[in-house]
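Asks: Quick one: this structure, given as structure tokens, is what I'll be asking you about.
The values are calculated or read from the model by the stated rules, or taken from the named source; none is laboratory data. Because the structure is predicted, anything quoted here is derived from the model rather than measured. Counting neighbours? That spans all protein chains shown, and the Cβs are built from the backbone with ideal geometry, glycine included.
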Amino acid sequence: MSNGFEDLLRGGGSAPIPPKGLVILGATGDMVSKRESRDALAYLAQHKILRLPDNPILLAAGSHPLSGAAYRRKFARGDSASHPLEPGSLRRFETLAGLDTPGMHLPAVDVGRAGDLAALRLPRPDNVLYAALPPRLYSPLLENLHRAGLLQAERRIGMILLEKPFGQDLACARKLQEIITKHQDKTRVCLIDHFLAYPGTLNLLAFRAQPEVDKALQPEFLERLDVILSERIQSNDRPYFRETGCVVDMVQSHALLLLASFALETPTNWSGGSLQAARLQDAPTVRGPCLGNWACNRFWMRLLYVHDPIHNMTP
């Protein structure tokens, strides 16, 4: 199965990635400079899936600008959970992002200010924007991109990638959906979840796609399916995680997508829109007094999420 982000850039197919710039807001946060997004960017650079002059990268910081040299050190170092980067992939990423340019600085961008967004020097006439931001900033980001004229025909943002969670509660999720719908004719907004590109998740989907497994999940053979999600995480070292918490970060997106991946009827293919439509069609619904009890069209499911308190450094 293909890298999910790579598939998005390709437009859902296997053709080369078209000439598009990549704009990353919140590049100094833990989603990009650490862990999986960092590894994915290095992979795309190393294998020349992103390449110059077609796919330059614009990195933007948060409240304070940062020198290119300082960001390079931050990106190369990652954190205690990051994988070491191949020297070649790091050099190619530096070139794509202009980090090897003397005197280069990442601009500070406040997405609550349309003027900050309008001042961005977009790398190409058509660009993909990855919002590596807290979900509470998605609504002002979309509104101010419109006010800044960056959703127009020339030198525009043609695609916006919003990382889960999709709001903190039902009310703000509906508000965000209204804003997305209002601007959907001007740009393509994609809701993404990095968890779906993990090797373990992809292996799970490959296992689920086997005809023998699909047959075994029929109601005559199976009464209930338990999905156990156990992890150890030092949540206090990530400002994002401290703000969202385990339930919002893990259960309402990661865990429920895993449940939906088992509950679905076999799609026409196991990638792209067909898989998404199958998840939506057969998404489990809550039944009974316990949030962990779910029912789908074929059998009962139970979700168990175990968070090891010994490794949780949050007081």
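Asks: Take the conditions touching a residue at least 24 places away in the same chain (Cβ under 8 Å) and surrounded by fewer than 14 Cβ atoms within 10 Å (Cβ to Cβ) and apply them to HIS83. Does it pass? Steps first, answer last, please.
Replies: Working: touching a residue at least 24 places away in the same chain (Cβ under 8 Å): yes; surrounded by fewer than 14 Cβ atoms within 10 Å (Cβ to Cβ): yes.
When the stated conditions are applied, HIS83 passes them.
Matching residues to (1) in contact with a Pro (Cβ under 7 Å, 6 or more places away or on another chain); (2) modelled with pLDDT under 90; (3) crowded, with 17+ Cβ neighbours inside 10 Å:
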position: GLY13; (1), (2), (3): no, yes, no
position: ARG38; (1), (2), (3): no, yes, yes
position: GLN46; (1), (2), (3): no, yes, yes
position: GLY68; (1), (2), (3): no, no, yes
position: PRO87; (1), (2), (3): no, yes, no
position: GLY115; (1), (2), (3): no, no, no
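Asks: Further question on the same structure: Would you say ALA60 is over 24 Å from PRO125 (Cβ atoms) and either more than 23 Å from the chain's Cα centre (by Cα) or assigned by TED's automatic domain parsing to the domain that holds SER37 (or both)? Let's see the steps before the verdict.
Replies: Values: over 24 Å from PRO125 (Cβ atoms): no; either more than 23 Å from the chain's Cα centre (by Cα) or assigned by TED's automatic domain parsing to the domain that holds SER37 (or both): yes.
Criteria not met by ALA60.
Asks: From (1) of a type in the set (Gly, Ala, Ser); (2) assigned to a loop (DSSP other than H, G, I, E, B); (3) in contact with an Asp or Glu (Cβ under 9 Å, 6 or more places away or on another chain), pick out the condition that doesn't hold for GLY112.
Replies: (3) is the only condition that GLY112 fails.
Asks: Let me confirm something: among ASN127, ASN55, which residue is in a strand (DSSP E or B), in the same structural domain as PRO19 (by TED's automatic domain parsing) and buried (at least 21 other Cβ atoms within 10 Å of the Cβ)?
Replies: Of the residues listed, the single one that is in a strand (DSSP E or B), in the same structural domain as PRO19 (by TED's automatic domain parsing) and buried (at least 21 other Cβ atoms within 10 Å of the Cβ) is ASN127.
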